[in-house]
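Only the coordinates and a few stated rules stand behind these numbers; no lab work does. Worth saying up front: this structure is predicted, and the values here are computed from it rather than measured. Backbone-built Cβ (ideal geometry, glycine too); neighbour counts: all protein chains shown.
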Amino acid sequence: MTSSPAPPPVCPAAPAHHRPLRRLTARGRDETHRGVSSLELFFDLCFIVAIAQAGAQLVHAMVGGHTSEGILNYLMIFFAIWWAWMNFTWFASAYDNDDVLYRIVTLIQIAGVLVLTAGVSQAFEEHAYPVVILGYVIMRLAMTVQWLRVARSSQGPERTMALRYAIGLCQIGWLGLLALPEADRPWVFLVMALVEMVVPLYAERAHPTPWHPHHIAERYGLLTLIVLGETIAAATVAVKSGIDEHEDLGELVPIAAGGLLIIFAAWWVYFAVPIHGHLRSNRQSFLWGYGHYLIFVSGAAIGAGLEVAVEQAVGKAHLSTLSASAAVTLPTALFLLTVWALHSRFYKMGIAQQSVLPATALLVVVCTFLGHWAVLAAGLVAALAVAAGVTLTALWASPERGKGEESAAVPIL
């Protein structure tokens with residue numbers, strides 16, 4: 001008697017969380033082990049290409065003697081990059097379901113980033129913004145699709161919030177910039193930027209999005225790391241170019257050493273405290289999230305400033321030593337002061353700790369007037385600030401001071 005073949009195994013229905021298309025519903029703010037996804041990391045890496053292009057064009061403008069014009073263009077283009085990144089980041093923290101459609105729409109947003117990047121040089125050199133605005137519109141339309149998915153999957157106040165986000169993306173206003181005279185564009189851009197930043201405040205009055213504090217803090221920290229990494233890369237290329245063309249390293253070594261100290265100190269002060277504990281409400285998180293524009297723009301500008309300082313040191317820049325020094329010291333001071341305002345001051349103990357970063361920012365500005373030694377001096381001041389923070393923390397946590405007091409973790413800066 002022959003045995004009949006075993007029946008083929010029955011494939012069970014795919015679990016809901018494995019289906020290619022799923023409802024885009026809110027995630028929990030209390031999720032444990034919430035980490036950054038590979039898609040989010042890929043998204044950030046594509047954005048850094050745009051940031052690098054903006055920095056390179058800023059260097060070109062400053063070296064060519066068009067400083068004020070270059071800074072204005074840089075701030076405008078960086079806002080477009082940062083705002084698109086921030087909208088995706090907070091949305092993903094609240095609604096990322098990682099289904100097929102979510103991934104496809106996110107990849108379309110990345111394509112918009114690349115289109116925007118392709119138009120950066122044209123915007124700087126010819127004041128022509130069609131490609132930049134086209135890339136921005138592609139990103140924002142993709143974001144509209146995501147919010148409409150949320151509206152379709154929700155009801156009540158949450159649906160109202162999603163529709164407000166979807167409708168309030170100001171696409172017509174951005175396209176209207178193309179029809180304006182060049183002299184009027186910065187003022188209209190400023191108005192449009194303010195309107196954009198009001199949209200989340202208005203939308204979330206109906207229903208707050210359930211963003212995750214740990215996830216948001218990690219996302220912002222990772223972009224800060226990427227920006228500082230780009231700054232190191234830009235400075236390294238600049239120094240290498242200077243060494244290749246000039247055998248005398250007397251003026252390049254102080255710039256390289258000072259720049260490295262500045263970047264190391266910038267990393268140290270930003271990551272000295274775990275900021276997620278401060279992100280408890282929309283009011284706190286909006287101010288913190290918006291304030292990071294200054295952190296990102298100044299962190300990226302440090303790299304551009306180091307390139308300008310190298311170009312000036314080897315005689316290839318049409319600007320003074322004072323201006324070249326300011327290209328490094330002013331963004332460094334802004335970075336330190338903004339990190340203090342958004343991060344460090346909430347964890348400081350006593351007036352001595354509270355004064356370290358503001359005083360350091362002031363001293364870095366003073367270093368601007370030290371000629372060819374300005375960058376090195378600024379780097380040494382930043383390094384001394386880290387040392388002062390470590391020392392003050394150790395003194396505050398000493399056993400003698402802690403007698404009779406509840407032990408608490410104190411940041412080192």
Checklist entry - At 222 nm, what helix-only mean residue ellipticity would the chain give, in deg cm²/dmol to the nearest 500, using -39500 (n - 2.57) for each DSSP H run of four or more? => result -24000 deg cm²/dmol
Checklist entry - Around G55, what is the net charge, scoring Lys/Arg as +1 and Asp/Glu as -1 over all other residues with Cβ under 10 Å from its Cβ? => result -2
Next on the checklist: Need the full-extension length gain, I104 to A394, defined as separation in residues times 0.36 nm minus the C-alpha distance. One decimal, nm.
Outcome noted: 99.4 nm
Checklist outcome for this item: Note, H215: beta-carbon cut-off 14 Å, +1 each Lys/Arg, -1 each Asp/Glu, net -3
Item to check | Net lengthening on full extension, A233/V253 (0.36 nm per residue, minus Cα-Cα) | outcome: 5.6 nm
Checklist outcome for this item: Mean-square fluctuation maximum in Gaussian network of the chain, Cα pairs under 10 Å, restricted to H343, H66, H292, hits H66
Item to check | Simple spin-label estimate for L39 and L322 in nanometres, 7 Å along Cα-Cβ | outcome: 5.3 nm
Checklist entry - What is segment 93-140's relative contact order, in percent, from Cα pairs under 8 angstrom and six or more apart in sequence? => result 40 percent
Checklist entry - Given a cut-off of under 8 Å on Cα pairs at least six residues apart, what relative contact order in percent is computed for the chain? => result 17 percent
Next on the checklist: Quick one: the Cα spread of the chain along its three principal axes, in angstroms, biggest first?
Outcome noted: 91, 68, 60
Checklist entry - Residue by residue through segment 76-92, which ³J(HN,Hα) values in whole Hz follow from phi under the Karplus form 6.51 cos²θ - 1.76 cosθ + 1.60 (θ = phi - 60°), with glycine and proline marked x? => result 5, 5, 5, 4, 4, 5, 5, 5, 5, 4, 5, 4, 5, 4, 6, 5, 5
Next on the checklist: To test your reading of the geometry: what angle, between 0 and 90 degrees and rounded to tens, separates the Cα axis of helix 38-63 from the longest principal axis of the chain?
Outcome noted: 30 degrees
Checklist entry - How high is the FRET efficiency between I351 and R205 when r is their beta carbon distance and R₀ equals 51 Å, given to the nearest 0.05? => result 0.85
Checklist entry - How far is helix 100-118 tilted off the main Cα axis of the chain, in degrees rounded to 10, range 0 to 90? => result 30 degrees
Checklist entry - What residue among L107, L287, L75 has the largest mean-square fluctuation in a Gaussian network model of the chain, using Cα springs under 10 Å? => result L287
Item to check | Phi-based couplings in Hz for segment 384-390 (Karplus 6.51, -1.76, 1.60; Gly and Pro marked x) | outcome: 5, 5, 4, 4, 5, x, 4
